[in-house]
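Working notes, structure below.
The values are calculated or read from the model by the stated rules, or taken from the named source; none is laboratory data. Here the structure is a predicted model, which is why all the values come from computation and not from measurement. Backbone-built Cβ (ideal geometry, glycine too); neighbour counts: all protein chains shown. Areas reflect the complete protein model, heavy atoms only, side chains present, ligands, DNA and RNA absent. Shrake-Rupley method; radii C 1.70, N 1.55, O 1.52, S 1.80 Å.
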Amino acid sequence: MFRLLTKSKIAFILAILFGISLFFFRSGSRYSNFFNSDSIIAKVSDTKISTTKFTRTMDLNINKLNLQSKDKNDGIRNYQIFSLANEILSSLVKEALFENEYDKIKLKIDEEVIALNTKKRIPQLYDSNNQLNQDYLNDFLKQQKLTIKDLVQIIEFETKDKYFSDAFFNTQYPEYFAKKINEYNEHDRKISYIAIDIENIFIDDFLKNNFPNISIELKEYYEKNLTNYMSKEKRNVEFFVINKNLLNDNFVPTDFAIKEYYNNNKELFYQNEKRSFLQFNFQEKSKAENFLNKIKDFNKLEILEYSKNNNISFNEFNMLQEDQILSALSEELFKLNVNETSEIIETSLAKHILILTDISSSYQSELDNVKNEIKDIITKVETQNFYNDLLNQISEKITDGNSFKTIANSLNMDIRFVNNLTRDYNEYDESEKILYLNLIQSSFASNKDFVSDIININDNISYVFNVKNIEESKALEFEDIKNDILNDFKNSKRIEITKKEIEENIKNSNFIYDIAIRYNLPIKENILNINSKQIPINLTKKIFETNLNENTYSITNRKFYISKIDEIIIKEITNLNNDIFLANNLRDSFGQELMKTKKISPNEELISAIIQQY
C-alpha cells in the first residue's frame, strides 16, 4: 500500500487540506527519505508489499507480545518470532491480492474523497477551529513510522476496499440461521488444561535413543540455523545535536529591548472590551416570545431558576471579545447595557435571547504588566530565527559536501561519540531515550562515512550523524556457544516431539491426564467464551476451533499449554441482534479465488534478514 504517488493529485489536495505549503513535499533534504523508494519484501503480481509495512507491523506485534529486547539467541523466542512473521506476511499478501485486483479493474476513488476520509480517520489532526494541528501530525507520522505518502496510500486502499466490499459482499444470513449462528458464537466452552515449562519436558531418553552422536547433530543444527548465532552488528557513530531549548538563554532581551518592543507594538497589548452574558436558545419563535414575556420583571437568579425549572436551553459565557462571538449575536450584544435583555435574534442554528451580565472596558496594558510576556515573545522569536538559520547553514554545508568534522567545527557544535552501538543499545540517560532510539534506527540504515541529512526528532531537537566504523555481524564460533546450541536443540526437539505426541492423541480423552501425571502438574478447569482473557489468546482461538473431547495446544511465554474440550455450552439467547453479514466470509472466499490467478513472489533472503534483526 506504499507505492509512489508520482502523478497523483492526492498529495496536493492533502497539502491544501492539511494547510501545508507545497514546500513540505519538495524539500527532500529536510525530510529524510520522504520520497525514497522502499525495498520490497514480496510481490503479488505487480503489487508490491513494502519492507516498511512489514517491519512496522512486526514491531507493533512484538511490542504487544512483549518479545522486544530479549536474548536474540533464545531458540524459543526465535520460534515465536518466525511464526509471527509468517502470520503477518500471510495477512499482507491477502491484502495485496485485493489491491492488485483493484488496480487491474481500474477502480478509482476521487482524491477529495480520500482527503476527506483521511480527515475523518484522524480527527485529532484538527483543533476546534478546524485548523491543522501540525504538532500532532508530525508526532503521529513519527510514532507510526509513516510519511504523508504512506498515510494517503493506506487511506486510499481502505476507501477502495470498503467501497468494493459494500458493493459486492454486503449481504446477510436469513434471520433464522443468523439466530442459530449468534447463539453458537456466544457459546461457552468448558475445558481442562495444563501448562508445562518447555525446559521441563523430558528429553534425555529421546536424545540418547535417536541421536547417539549428539555432536554431529549439534553441528548440523548450528549450520542450519546459523542466522540465530550471529554476533551483533556494531557501529561507531559521531553526532551533534541541535537543541532549541538550550539556546533560549542566549536570546533573553534587555529591559531596553523590552521597552522598545512595547512602544513599537502597543496595539498588541491593547485589551478590547469584553462582555459576559447569558444566551438562551429556542427552536420555535413562539417559545422565545413566551420566554421574553415571562422574564420581563425577573432578576438574573429568577431567570436562571425559571429556565432550569422549564428545561430551557441556555449557556453562560464569560468575558468574550466581540470577534470571539458569532457576528449576528455580537452585533446585538454590544448594544446592550448590563442586565439588559435583547430582542429575539434569529440565526440558522436557532432563535436566541441574550442577557448582558457584565462588561470589562477596553484599556491599554501597562508595560510592567506585560513585561514577562514580551520577554517570552522576543526570546522565542529570536531563538526560533537563530535555530532556523543554523539548520539552513548546516543543510548548505552538507549539500556542499563538507566533512562531518568540518561542519561541526565551523559552527562550534559539540561532537559526541558512541562506540559499539548495537540495535538493542540501552546505555543512555532516560532523558535522551528518544534521541538514541532515533539515532540507532537512522545509523543502522546508513552507509559508512556518509554525513546524514538533518534529522528532526521534533520541533525542538534535531541532529546530524556520521557512521565512522561498521563491525559487521558474523557467525559466532561453534565451540564458544556450544552450550547455547545444545539448549536450543533440546528445546526444538521438546517442541517437536510434544507437538507430534499431541497430534497423535487428538481424540485421546485421557491424554491430558497422562501428561499431568508424567510431569506432576495440576489440571486446571475453566469455562471460556471467545473473548476470555484468562488464558493466552492464541490458545483460546484454538480451543474454539477444536471439536468436543479433542485436545489442542499452544506455545506462549516459554510454556506448552495442552487443553481438552470437555463441554460445549449453548445458551438460549433472545436479546441478540440477529443480523449477521457475510462480507468477511465472501471476501475470504473471493481472496482464495484471486490467489489462483496471481503470482506471489516473496523475497526470501530479505525476509530472513529482517527476521534476524528481531
| field | Subset of the range 322-377 (residues that are more than 30 Å from residue 263 (Cβ to Cβ), touching a residue at least 12 places away in the same chain (Cβ under 8 Å) and among the β-branched types (Val, Ile, Thr)) | value | 338, 341, 344, 345, 347, 353, 355, 357
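Yes/no per residue for (1) out of contact with any helix residue (DSSP H, G or I) (no Cβ under 8 Å at 6 or more places or on another chain); (2) in a helix (DSSP H, G or I); (3) modelled with pLDDT of 55 or more:
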residue	(1), (2), (3)
1	no, no, no
5	no, no, no
21	no, no, no
28	yes, no, no
52	no, yes, yes
76	no, yes, yes
98	no, yes, yes
| query | Which of the residues that make up the range 202-224 are over 22 Å from residue 481 (Cβ atoms), among the hydrophobic types (A, V, I, L, M, F, W, C) and assigned to a loop (DSSP other than H, G, I, E, B)? | reply | 202
| query | Which residues, taken from the range 380-411, are free of Cβ contacts under 8 Å to residues at least 12 places away in the same chain and acidic (Asp, Glu)? | reply | 389, 396, 400
| field | strands (runs of 3 or more DSSP E) (entirely within the range 454-569) containing at least 1 residues that are over 30 Å from residue 190 (Cα atoms) | value | 461-471
| message | Residue under question is residue 424, and the condition is that it be out of contact with any Leu (no Cβ under 6 Å at 6 or more places or on another chain), more than 30 Å from residue 387 (Cα to Cα) and not in a helix (DSSP H, G or I); does it hold? | response | yes
| remark: Sole miss for residue 597 among (1) of a type in the set (Val, Ile, Thr); (2) surrounded by 14 or more Cβ atoms within 10 Å (Cβ to Cβ); (3) over 30 Å from the mean Cα position of the chain (by Cα); (4) modelled with pLDDT under 90 is condition (2)
| request: Output the number of residues of the range 583-594 satisfying the condition of being small (Gly, Ala, Ser) and either outside any helix (DSSP H, G or I) or exposed (fewer than 13 other Cβ atoms within 10 Å of the Cβ) (or both). | output: 1
| the range 420-449 residues that are more than 21 Å from residue 472 (Cα to Cα), paired with ones that are surrounded by 11 or more Cβ atoms within 10 Å (Cβ to Cβ) (beta carbon under 7 Å, 6 or more apart) | 428/436; 434/457; 435/241; 435/457; 435/461; 435/463
| note | Scanning the range 234-262 for residues that are surrounded by fewer than 16 Cβ atoms within 10 Å (Cβ to Cβ) and in contact with a strand residue (DSSP E or B) (Cβ under 9 Å, 6 or more places away or on another chain), the one farthest from residue 446 (Cα to Cα) turns out to be 245
| said: I'd like to know if the range 485-495 contains one or more residues that are exposed (fewer than 13 other Cβ atoms within 10 Å of the Cβ) and small (Gly, Ala, Ser). | reply: no
| note | Filtering the range 332-347 down to residues that are touching a helix residue (DSSP H, G or I) at 6+ places or on another chain (Cβ under 9 Å) and not β-branched (Val, Ile, Thr) yields 333, 334, 339, 342, 343, 346
| query | Taking the stated definitions as given, is residue 358 touching a Ser or Thr at 6+ places or on another chain (Cβ under 6 Å) and either surrounded by 11 or more Cβ atoms within 10 Å (Cβ to Cβ) or part of a strand (DSSP E or B) (or both)? | reply | yes
| said: Given (1) outside any helix (DSSP H, G or I); (2) open to solvent by less than 80 Å² (accessible area, probe 1.4 Å), identify the lone condition not met by residue 388. | reply: (1)
| task | Those residues that are open to solvent by less than 40 Å² (accessible area, probe 1.4 Å) and not hydrophobic (A, V, I, L, M, F, W, C), I need them from the range 323-355; list them, please. | result | 330, 342, 347, 352
| Could you count how many residues in the range 525-541 are open to solvent by 60 Å² or more (accessible area, probe 1.4 Å) and under 12 Å from residue 566 (Cβ atoms)? | 2
| Given (1) exposed (fewer than 13 other Cβ atoms within 10 Å of the Cβ); (2) touching a residue at least 60 places away in the same chain (Cβ under 8 Å); (3) touching a Leu at 6+ places or on another chain (Cβ under 8 Å), number of the condition residue 316 does not satisfy | (2)
| query | If we keep just the residues of the range 189-201 that are among the charged types (D, E, K, R) and in a strand (DSSP E or B), which is least open to solvent (accessible area, probe 1.4 Å)? | reply | 189
| said: Please go through the range 502-543 and give me each residue that is over 24 Å from residue 80 (Cα atoms) and in contact with a Leu (Cβ under 8 Å, 6 or more places away or on another chain), ordered by number. | reply: none
